[in-house]
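Contents: one structure, followed by commentary.
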Amino acid sequence: MRKIFIPDTRNRTADAVVIGGGIVGTATAFWLSKAGLDTILVEARDGLSTLTTAASAECFRAQFTEPELAPLAKESIAFFENFAENVGLPGWDIGLHQQGYLFITDDEAMLPDLAAAVAQHHKLGVTDSEVLSGAEVRSRFPFVSPAVVGATFRQRDGWLSCHEVTQGFAKGSRARFFVSTRATGIDIDAKGVCGVETNRGKIAARVVVNAAGPFAGVIGRMVGLELPLEPVRRQKVFVASSKVPPEAPFTVDLVNDSYWRPETGGALMGWVDLDEPVTAPMENPAGDWDFPAICLDKVCRLTPFFEQVAENLKQKDIHVSAGQYVYTPDNQPLIGPVDEVPGFYLNCGYWFGVMVSPMAGKRTADLITGKMNNQDNLLRPSRYQEGIDLGGGSFLSGR
Ligand SMILES: Cc1cc2nc3c(=O)[nH]c(=O)nc-3n(C[C@H](O)[C@H](O)[C@H](O)COP(=O)(O)OP(=O)(O)OC[C@H]3O[C@@H](n4cnc5c(N)ncnc54)[C@H](O)[C@@H]3O)c2cc1C
C-alpha cells in the first residue's frame, strides 16, 4: 500500500490525525501507528519535511542543562544510533555523524558556567560530556584560536540527515501520509474533538495532534486557544570550500552565538541573532543577502581558518536558507493534552525539534494511549497555569 500520497476528497475516519509532516509530526505518527492507532498525517505542502525541518542545521546534542530536556535528547540520540533497526528498515542510512559538539569561549568569566553546565549534564545522566581547558581544546582541535580559554565537549553529539530520518519514520510506520492536504478547521462536539476539516474532505477522529511547527498557533486558534508560541526567523549558510576540516565537531562560539560544522564539500554555519523579532508564521522564509558575510565574520573570530575560506569565495559557493524557531515562555516544548479540549494534543514549540523528535513523538503517543500519565509529563501545556518552573537555560537558545 502506498503510504505517502495525495488523497481524493472522500470523507475518512481515523483513530488519530496528526497535523504537520515535519520531523516532529512524522515521528509522532510513527509512534501512534506503532501503538496500534489507525493514524493519518496531513501535510499542507507537497512533501514531508519541507518547511522548518528542511531549514535546520540537522544537529543533535545531549548537552542540555534542563532536567526535562537532557533525558529526552539522550534517549533520542540512542534511537538515532539504531535508527534502521528501530523503524524496522534494515540498512536505512540516516547519515549519522557523531563528531561531537564543541562549545568554545575566549571569555574567562564564562568558565564557571561551563563547569556548572557539565556538572549539571552529569547529574541529569549525560555523564560523557567534558570540560576542556584552552590547551586541551587546541590539542584535540588544532584549528581553534589561541584565544580560546575553555570549552564543553561531548563526542556522541553530532548531526544527521533530517530528510532520511523523516522518510524513515514514514516508511517504517503503518500511518497514512496525506500530502498537499491542509487542515482548515477542527470539529468539536460534546465529547471533544471529532474531526479535522481539510481542503480534501473531512477526517473523523477523536484524537488530533498539533505538530504544525511555526503554524501551531494557527491550528490552536481552530479550537479557540491562544497558545504561547513565538516564531522567530533563523538563517543558515552553506559555503563550498576545501579548507574546512572534515573531521571537526559542530563548533559554537559562546560569546557571539555563531556556529559551524563541516558539510560535504564545505561548511554549514549560522548565527543566532538576538535582535531578530517575533513574527507571524512564514510559508517561505527567506535569508538576507548580507547574512553570509556577517556569519563568516563571526566564525572567523575563534576558528580563524575561515579567513582563508572567505578569501576565495564566489557567489556560486554560497547558499543561504531560513526557517523559524518557535519559542515558548520557558523555551521548552509543549507536549501533551490540552485540558480545555478533550482529544486535542500538542507536540510543538521547538527551536531544537530535530534532536528530540524520536522521544517527543513517543511521549505524545504514550500520553494518548495512556502508557504515560500526564502528571509525570512536566512538558504538559498546563505547566504555566500550574506555576511549574522547569529551570535550565541552554547555550545557543537565542533567548
Ligand atoms: C536555521 C535553523 C537551524 C536549525 N538547526 C537545528 C538543529 O541543528 N537541530 C535541531 O534539533 N533543530 C534545529 N532547528 C529547529 C528545527 O528545524 C525545528 O525545531 C524542527 O524542524 C521542527 O520540526 P516540526 O516538525 O515541528 O516543524 P516543521 O518542519 O515546520 O513541520 C511542520 C509542518 O506542518 C505543516 N503545516 C502547517 N500548517 C498546516 C496545516 N494547516 N495543515 C497541514 N499541515 C500544516 C507545515 O507545512 C510543515 O511542513 C533549526 C531551525 C532553523 C530555522
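Plainly put, the stretch 234-295 has a radius of gyration that is 1.01 times its Kirkwood radius, both from alpha-carbon atoms, as the Rg/Rh ratio.
Structural size metrics of the stretch 301-399, computed from C-alpha coordinates, are Rg and Dmax of 19.3, 58 Å.
The overall shape of the stretch 279-345, judged from the alpha-carbon gyration tensor, is prolate: a/c is not under 1.5, and a/b is greater than b/c. Here, the stretch 33-165 yields an orientationally averaged convex hull projection of 10.6 nm² when only Cα atoms define the hull.
For the stretch 140-210, what's the relative contact order in percent, using C-alpha pairs closer than 8 Å and at least 6 residues apart? Please report the intermediate quantities before stating the final value.
Working: 51 pairs, mean separation 11.3, N = 71.
Once normalised by length, the contact order is 16 percent.
In a DSSP loop and with at most 10 other Cβ atoms within 10 Å, the GluC sites (Glu not before Pro) in the stretch 264-348 are GLU283. Ignoring aspartates and glutamates fewer than eight residues from LYS298 along the same chain, the ones with Cα atoms less than 17 angstrom from its Cα are ASP106, ASP107, ASP253, ASP257, ASP273, ASP275, GLU276, ASP288, ASP290, GLU307, GLU311. As a size descriptor, the averaged projected area of the C-alpha convex hull of the chain was calculated at 19.1 nm².
Near THR53, within a Cβ-to-Cβ distance under 15 Å, what is the net charge of the other residues, with Lys and Arg +1 and Asp and Glu -1? Kindly include the intermediate steps, with their values, before the conclusion.
Numbers: positive: ARG45, ARG234, LYS236; negative: GLU43, ASP46, GLU58, GLU164, GLU283.
Neighbour charge sum, excluding THR53 itself: -2.
When only Cα pairs below 8 angstrom with a gap of at least 6 residues are kept, the chain shows a relative contact order of 24 percent. For the stretch 58-119, the fraction of alpha-carbon pairs lying more than 13 Å apart is 70 percent, rounded to a whole number.
Once you have the alpha carbon radius of gyration of the stretch 310-356, what is it after dividing by 2.2 N^0.38 Å, with N set to its residue count? Provide the component values of the computation, followed by the final result.
On the way: Rg = 18.3 Å, N = 47, 2.2 N^0.38 = 9.5 Å.
Relative to the 2.2 N^0.38 Å estimate, the stretch 310-356 comes out at 1.92.
With the alpha-carbon atoms of the stretch 156-207 aligned to their principal axes, the span from lowest to highest coordinate is 49, 24, 20 Å, starting with the largest.
DSSP finds beta bridges in the chain, and of those with both partners inside it, around 70 percent are antiparallel.
The Stokes-Einstein estimate for the stretch 156-272, based on a Kirkwood radius over Cα pairs and taken at 25 °C with 0.890 mPa s viscosity, is a diffusion coefficient of 135 µm²/s.
So which trypsin sites (Lys or Arg not before Pro) in the stretch 146-200 are both in a DSSP loop and have at most 11 other Cβ atoms within 10 Å of their Cβ?
Values: sites: ARG154, ARG156, LYS171, ARG174, ARG176, ARG182, LYS191, ARG200; in loops: ARG156, ARG174, ARG182, LYS191, ARG200.
Taking the stretch 146-200 and a limit of 11 other Cβ atoms within 10 Å, the loop trypsin sites (Lys or Arg not before Pro) found are LYS191.
Near ALA360: Cβ cut-off under 14 Å, other residues only, Lys/Arg at +1 and Asp/Glu at -1. The net charge is 0.
Answer rounded, prolate or oblate for the stretch 1-101, using the Cα gyration tensor with square roots of eigenvalues a ≥ b ≥ c: rounded when a/c is under 1.5, else prolate when a/b is larger than b/c, else oblate.
Numbers: a/c = 1.86, a/b = 1.82, b/c = 1.02.
Judged from the Cα gyration tensor, the stretch 1-101 comes out prolate (a/c at least 1.5, a/b above b/c).
Working from Cα pairs under 8 Å separated by at least six residues, relative contact order for the stretch 220-307 is 31 percent. Place a +1 charge on the Cβ of each Lys and Arg in the stretch 72-168 and a -1 charge on the Cβ of each Asp and Glu, then give the dipole magnitude about the Cα centre in debye, rounded to the nearest 20. Approximately 100 debye in magnitude.
Given the alpha-carbon gyration tensor of the stretch 201-342, what are the semi-axes of its equivalent ellipsoid in whole angstrom, ordered largest first, with each equal to the square root of 5 times an eigenvalue? Please report the intermediate quantities before stating the final value.
Values: eigenvalues 285, 46, 39 Å².
Gyration-tensor ellipsoid for the stretch 201-342: 38, 15, 14 Å.
Here the sum of -39500 (n - 2.57) over DSSP H runs of 4 or more residues, divided by the residues of the chain, equals -7500 deg cm²/dmol at 222 nm, to the nearest 500.
Could you pull out the pairs from LYS171/LYS191; LYS3/LYS362; LYS236/LYS316 whose alpha carbons sit more than 27 Å apart here?
Details: LYS171/LYS191 33 Å; LYS3/LYS362 20 Å; LYS236/LYS316 16 Å.
Those over the limit are LYS171/LYS191.
For SER180, the residues 5 or more places off, or on other chains, whose built amide H falls under 5 Å of its own are GLU43, ARG45, ASP46, GLY47.
Placing +1 on the Cβ of every Lys and Arg and -1 on the Cβ of every Asp and Glu, with nothing else charged, gives the chain a dipole about its Cα centre of roughly 1460 debye.
Throughout, read-outs are computed from the coordinates displayed, never taken from laboratory work. Nothing here was measured: the structure is a model prediction, and the numbers come from that model. As a convention, Cβ positions derive from the backbone with ideal geometry for all residues, glycine included, and neighbour counts pool all protein chains shown.
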